[in-house]
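Colleague: The structure that follows is given in the form of structure tokens.
The values are calculated or read from the model by the stated rules, or taken from the named source; none is laboratory data. This structure is a prediction, so every number in the text was calculated from the model and none was measured. Counting neighbours? That spans all protein chains shown, and the Cβs are built from the backbone with ideal geometry, glycine included.
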Amino acid sequence: MNKLTPQQVLTKYWSHANFRPLQEDIINSVLDGHDTLALLPTGGGKSICFQVPGIMNEGVCIVISPLIALMKDQVENLRKRDIRASYIISGMSKAEIDITLDNCIYGDTKFLYLSPERLTTEIIKVRISKMKVNLLAIDEAHCISQWGYDFRPPYLRIAEIREQIPNVPVLALTASATEEVSRDIVEKLEMKDARIFRQSFTRKNLSYSAFQEENKHHKMLNILEKVPGSSIVYVRNRKRTKEIAEYLQRNKISSDFYHAGLDSKSRSKKQDDWKSGKIRVMVSTNAFGMGIDKPDVRTVIHLEIPESPEAYYQEAGRAGRDGKRAYAVMLFSQADKFSLEQNLDLKYPDDKEISTVYIALCNYFSIAAGSGEGSTFPFDIALFCNTYQLQVTRSYHALKILELEGFITLSEGLRMPSRMVFKLDHTNLYDFQIKNEKYDEFIKTILRSYTGVFDEFFKIDEEEIARRMSIESKYIFTFLEQLDKFGVLIYVPRSEMPQVTFLQPRVQGAYMPSFTKLSEELKIKEEARMKAIVYYAYTTHRCRNEMLVEYFGEKVSVRCGICDYCSSRNKLDLSELEMNEVAIKVKKILQNESLQIHVLMQKLSPLSEEKSMTIIQWMLDNNQIRYDRVGHLIL
């Protein structure tokens, strides 16, 4: 395996003939042992950049990711390619974690996926010191920066693990980081002589538009009728997903709805129906789309202003991954701006409220002071809030602050199928079968149906086993529970409930830290991002691609030509040359005098008033000219 080139590994496991832009450069940087920062847009193929060198080098590649759904998806995809990969997530038993880590030390596991919270626990740190680690990959690396969106304090502790693996290169990956955030990533991960690879944020085939509309439903319908093909419609809350999907259905457009509150079976079916084309439009909260590589999405429509340019760029970027023309459309009203401001105030409760929620949470699960570290519980937030007469939305945000500060982790309701592993080896299991004929056929069925049953936990389907044995499934559950009690195997039943995990022992109220400084800093940064996306939405005289990529620190000299602004300018028959010639003329006029806008437009005659206004507004938006205190235009 080590003799294969990156291209040969790509072809062998992924059947791709060529790498995407920058992928091979990033891989070679890692293979040469360099700390590397990769900034690739959504759909740019970030996972290949650590999976290929992880396979090529001896040992295990540790992947840090904050997204459980994405971890599970990548691990499943690697296993389908016969690449040994595992994850450690909330809901796993201590025995599962123990066996998973042992397989990374003594077995042939190539990839271990961890959350940043897990990385710095004592058991993980001790076991990593015994592993042969070939690469530390940090996905969603912008989470390490307090100046970026989706900041997560546990990311700040990732650098600690480098002391145990000092000669192992680090690869940090993100799809949306400003220059300030990029510098912060390099500093916080203690990257030495980092190689930085930045792919342009421009998506040449993606047309951006934003329209202020009072009747958003009608405009959305109009867009979907004009542009055929697969689509995602993003809304802000769960109730709206169903309402919009039903509205589309009434108007003869095939659609369904998706949000994190659905059970996993429903989510999987809806997702599969959309990916296969059975459903044309998926109406969703931002819970949908992460890690889904559907190349032929023609439109992504936002029915409200998103929270930040980063979130919008990632979500809009799910359109047109096949390189063909696609459309990202934002539909908004004046009320959306007010809603964003209101949500911002709700997201940062004060110390008293956070402390109240924390104490209630510990009491809810009967956790005594100084205990509870590592404990995981099924968690119904509505029932919890009802028990203690707490407001759900504010409590949720208090819990998110506790998560940011490393007290707990919260997971959505992800389906965890039943798992088991035999504790007895082949010989002792055979002896048990001889002495306990009652279980013999059941054990034989397990051995015939699954592989690796003695090495690591594997997923089982109780109903499928029952079908193969021609008995009712209730007997399978009984067999598994009894054999677990006898010490023959370890059985972990399926679960779907959201979960909360306590990352540290319960802290007494008097020793609770203040969250005020963190909250205030995060709120200031989030407010700046909110203002940036509102500016993007309301600005009608600048190229939208230019505004987006400029936000991420990239300068563009040529407008995209396909956004709503560029398209309207094209309709005025304004060429790039004409635009530049008139701009030069404006600067010459204003070099000698300041003018009111109507006087300047007269001096640009015989250019039409509409064209003159478009060019003047463009120059204002691009800081080439400005207004003075009395409202005259000056250089």
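Colleague: Which residue is farthest from ARG79 (Cα to Cα), if the candidates are limited to the stretch 26-55 and must be under 24 Å from the mean Cα position of the chain (by Cα) and of a type in the set (D, E, K, R)?
Modeller: My answer is ASP35.
Colleague: On to the next question. Which residue out of PRO66, PRO154, PRO169 is in contact (Cβ under 8 Å) with a residue 12 or more places away in the chain, closer than 29 Å to PRO417 by Cβ and surrounded by 21 or more Cβ atoms within 10 Å (Cβ to Cβ)?
Modeller: It is PRO154.
Colleague: Right, something else. Can you name the helices (runs of 4 or more DSSP H) wholly within the stretch 9-114 that have at least 3 residues being touching a Leu at 6+ places or on another chain (Cβ under 8 Å) and of a type outside the set (S, T, N, Q)? Steps first, answer last, please.
Modeller: Details: elements: 23-31, 46-56, 68-80, 94-106.
Result: 46-56, 68-80.
Colleague: Considering only residues that are loosely packed, with under 13 Cβ neighbours inside 10 Å and either touching a Leu at 6+ places or on another chain (Cβ under 9 Å) or assigned to a strand (DSSP E or B) (or both), which ones fall in the stretch 478-534?
Modeller: Correct list: GLY487 only.
Colleague: Could you tell me which residue of the stretch 573-598 is farthest from ARG542 (Cα to Cα), considering only residues that are surrounded by 14 or more Cβ atoms within 10 Å (Cβ to Cβ) and out of contact with any strand residue (DSSP E or B) (no Cβ under 9 Å at 6 or more places or on another chain)? Spell out the reasoning first.
Modeller: Within the stretch 573-598, the subset surrounded by 14 or more Cβ atoms within 10 Å (Cβ to Cβ) is 574, 578-579, 582-583, 585-586, 589-590, 594-595, 597.
Then drop every residue that is not out of contact with any strand residue (DSSP E or B) (no Cβ under 9 Å at 6 or more places or on another chain), which leaves 574, 578-579, 582-583, 585.
Working: LEU574: 14, GLU578: 16, MET579: 13, VAL582: 16, ALA583: 15, LYS585: 20 Å.
Across the stretch 573-598, the extreme among qualifying residues is LYS585.
Colleague: So LEU135 passes all but one of these: (1) part of a helix (DSSP H, G or I); (2) over 22 Å from LEU518 (Cβ atoms); (3) not polar (S, T, N, Q). Which condition number does it fail?
Modeller: It is condition (1) that LEU135 fails.
Colleague: A follow-up question, please. Please verify whether the stretch 298-309 includes one or more residues that are outside any loop (DSSP other than H, G, I, E, B), surrounded by fewer than 21 Cβ atoms within 10 Å (Cβ to Cβ), not acidic (Asp, Glu) and not assigned by TED's automatic domain parsing to the domain that holds THR42.
Modeller: Quick first cut of the stretch 298-309, residues outside any loop (DSSP other than H, G, I, E, B) only: 298-302, 309.
Then keep just the ones that are surrounded by fewer than 21 Cβ atoms within 10 Å (Cβ to Cβ); that gives 298.
Right, trim to not acidic (Asp, Glu) and you get 298.
Add one more test, that the residue is not assigned by TED's automatic domain parsing to the domain that holds THR42, and what stays is 298.
Scanning the stretch 298-309 turns up at least one residue that is outside any loop (DSSP other than H, G, I, E, B), surrounded by fewer than 21 Cβ atoms within 10 Å (Cβ to Cβ), not acidic (Asp, Glu) and not assigned by TED's automatic domain parsing to the domain that holds THR42.
Colleague: On to the next question. Which of the residues spanning the stretch 103-114 are in contact with a helix residue (DSSP H, G or I) (Cβ under 8 Å, 6 or more places away or on another chain) and either free of Cβ contacts under 8 Å to residues at least 24 places away in the same chain or closer than 18 Å to LEU78 by Cα (or both)? Walk me through it before giving the result.
Modeller: First pass over the stretch 103-114, keeping only residues in contact with a helix residue (DSSP H, G or I) (Cβ under 8 Å, 6 or more places away or on another chain): 104-105, 109-114.
Hits for the stretch 103-114 are CYS104, THR109, LYS110, PHE111, LEU112, TYR113, LEU114.
Colleague: Now for a separate question. Can you tell me which residue is surrounded by the fewest Cβ atoms within 10 Å (Cβ to Cβ) among those in the stretch 357-400 that are touching a Phe, Trp or Tyr at 6+ places or on another chain (Cβ under 6 Å) and farther than 20 Å from GLU117 by Cβ?
Modeller: The qualifying residue surrounded by the fewest Cβ atoms within 10 Å (Cβ to Cβ) is TYR364.
Colleague: If you don't mind, another one. Of all residues in the stretch 119-138 being under 24 Å from THR409 (Cα atoms) and of a type in the set (A, V, I, L, M), which is surrounded by the most Cβ atoms within 10 Å (Cβ to Cβ)?
Modeller: Our first condition is that a residue be under 24 Å from THR409 (Cα atoms); within the stretch 119-138, this holds for 119-128, 136-138.
Now narrow it down to the ones that are of a type in the set (A, V, I, L, M): 119, 123-124, 126, 128, 136-138.
Values: LEU119: 21, ILE123: 14, ILE124: 19, VAL126: 11, ILE128: 21, LEU136: 23, ALA137: 27, ILE138: 25.
Here the residue is ALA137.
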